[in-house]
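A.B. asks: Below are the C-alpha cells for one structure; questions will follow.
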Amino acid sequence: MLSVRNLEVYHGDVRSLKDVSFDISPGEVLCLLGRNGAGKTTSLRAIMGLAPVRSGSVVFDGVELTSLPPHAIPKTGIGYVPQGRRLFAEMTVRENLEIGLMARNTDRAILDSIFSLFPVLKSRLQQVSGTLSGGEQQMLAMARALCLDPALILMDEPTEGLMPSMIATIRDVILELRARGKAVLLVEQRMEAVLSVADRVCFVENGETKATMATDALRVDPDLVKAYVGIV
C-alpha cells in the first residue's frame, strides 16, 4: 500500500531526515516511535507533501506522491490528523466535517460510519468546534480525516494531552479502523500508547529509521526499546 524509501528532507540548510524507509499494508497499524525531534512528524509531513523531499520516494498504491502537489495527496486516499488537531475553531462541528467531505468529494453516506465511531459528534453538530473538550476536538480531527474515506490514515500523537478514558476511546477507534481494513500510520513517543494498538514499530532516531519489529517482540523484551532509541 505505502512504501517509503530513503527519504531525505531539509528545513533550510538543516537536514531533518536523512534516511527514512518503511512500508505499511492494508489493515495494519504501524507506529513511528522515537524521541522529540527524531523526525517522526517530518516523515508524516513529507508523505503529505508538506515538507519538500530532497531525495527518496513515497509510493502509495502505485502512485509516486513526491511528484504531486500537497492538495492532490488527500485525493489519493490518505487522511491526515496532524499534531494539535488544526481544526477550524470558529466553525461548527458540521462545517469542519463538510470541509473534510469536500476534500475528496466523498458521498455524505460516509458520515453514518463516522458517527458509529464517534457518536458524541452527532449530538454536537451545531456546536462551535473551539468550544469542544480536548478529547472531543481530537475525535473531530479524526472524523474530518475519515470524511475522505481514506485507505490510509496518518495520526500524529493522537493521545497527547488526553485523559486516560479518552485515550482508551481513541485506542478503540484505531483498532476498529484496522478491523475495517484501514491502514494506520501512528506517530508516538510513549511506548505504553503503542503496545495495545500497533502491529509493528519503526524506531526513528536523528532522521533515520533504525529498526522495524513486531510489537510482540517488544512485549517479550521491553529493553529493545532502550537499545534502539533509549526511551521507555
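Here, each number is a calculation from the coordinates, and none is a lab measurement. Being a predicted model, the structure only gives us computed values, none of them experimental. Note that we place each Cβ from the backbone using ideal geometry, even for glycine, and neighbour counts take in every protein chain shown.
A.B. asks: Sort MET163, MET91, MET142, MET191 so that the residue with the fewest other Cβ atoms within 10 Å of its own Cβ comes first and the one with the most comes last.
C.D. replies: Lowest count first: MET163, MET91, MET191, MET142.
A.B. asks: May I pose another question? Distances over 23 Å make up what percent of all Cα-Cα pairs in segment 77-182?
C.D. replies: Counting every Cα pair in segment 77-182, those more than 23 Å apart make up 16 percent.
A.B. asks: Within segment 74-161, which GluC sites (Glu not before Pro) sit in a loop by DSSP and count at most 16 neighbouring Cβ atoms inside 10 Å?
C.D. replies: Taking segment 74-161 and a limit of 16 other Cβ atoms within 10 Å, the loop GluC sites (Glu not before Pro) found are GLU90.
A.B. asks: Given an 8 Å cut-off on Cα distances and at least 6 residues of separation, report the relative contact order of segment 77-182 as a percent.
C.D. replies: Worked out over segment 77-182, it gives 42 percent.
A.B. asks: Can you tell which of PRO52, LEU185, SER165 lies farthest toward the positive end of the dipole of the chain, using +1 and -1 charges on the Cβ of basic and acidic side chains (Lys, Arg; Asp, Glu)?
C.D. replies: PRO52
A.B. asks: Pop the C-beta distance of ALA89 and SER165 into the FRET formula with R0 = 30 Å and round what comes out to the nearest 0.05.
C.D. replies: 0.80
A.B. asks: Related question: Stretch SER133-LEU195 to full length: gain in nm at 0.36 nm per residue minus the Cα-Cα span?
C.D. replies: Difference between extended and current length: 19.7 nm.
A.B. asks: Can you pick out the pairs among LYS18/LYS226; LYS40/LYS210; LYS122/LYS182; LYS182/LYS210 whose Cα atoms lie more than 20 Å from each other?
C.D. replies: Pairs exceeding the cut-off: LYS18/LYS226; LYS122/LYS182; LYS182/LYS210.
A.B. asks: Taking R0 as 35 Å, what FRET efficiency do you get between VAL63 and GLU208 from their Cβ-Cβ distance, rounded to the nearest 0.05?
C.D. replies: Step by step, r from the Cβ atoms, then E = 0.90.
A.B. asks: What 222 nm value per residue comes from the helices of the chain, counting each DSSP H run with n ≥ 4 as -39,500 (n - 2.57) and dividing by all residues, nearest 500 deg cm²/dmol?
C.D. replies: When only DSSP H runs of four or more count, the value is -9000 deg cm²/dmol.
A.B. asks: If you don't mind, there's one more thing I want to ask. Tell me which trypsin sites (Lys or Arg not before Pro) from segment 1-76 have a DSSP coil assignment and no more than 16 other beta carbons within 10 Å of their own.
C.D. replies: ARG35
A.B. asks: How much FRET efficiency would the formula 1/(1 + (r/R0)^6) give for TYR10 and LYS122, where r is the Cβ-Cβ distance and R0 is 35 Å, rounded to 0.05?
C.D. replies: Step by step, r from the Cβ atoms, then E = 0.20.
A.B. asks: Which residues in segment 143-158 place their backbone N less than 15 Å from a point set 7 Å from the Cα of ASP172 along the Cα-to-Cβ direction?
C.D. replies: So the set is empty, nothing qualifies.
A.B. asks: Evaluate the charge dipole of the chain about its Cα centre and quote only its size in Debye, nearest 20, assuming +1 on the Cβ of each Lys and Arg and -1 on the Cβ of each Asp and Glu.
C.D. replies: 260
A.B. asks: Using DSSP, restrict attention to beta bridges with both residues in the chain and report what percent are antiparallel, rounded to the nearest 5.
C.D. replies: Antiparallel bridges: around 55 percent, rounded to the nearest 5.
A.B. asks: Using only alpha carbon pairs under 8 Å that are at least six residues apart, calculate the relative contact order of the chain and give it in whole percent.
C.D. replies: 29
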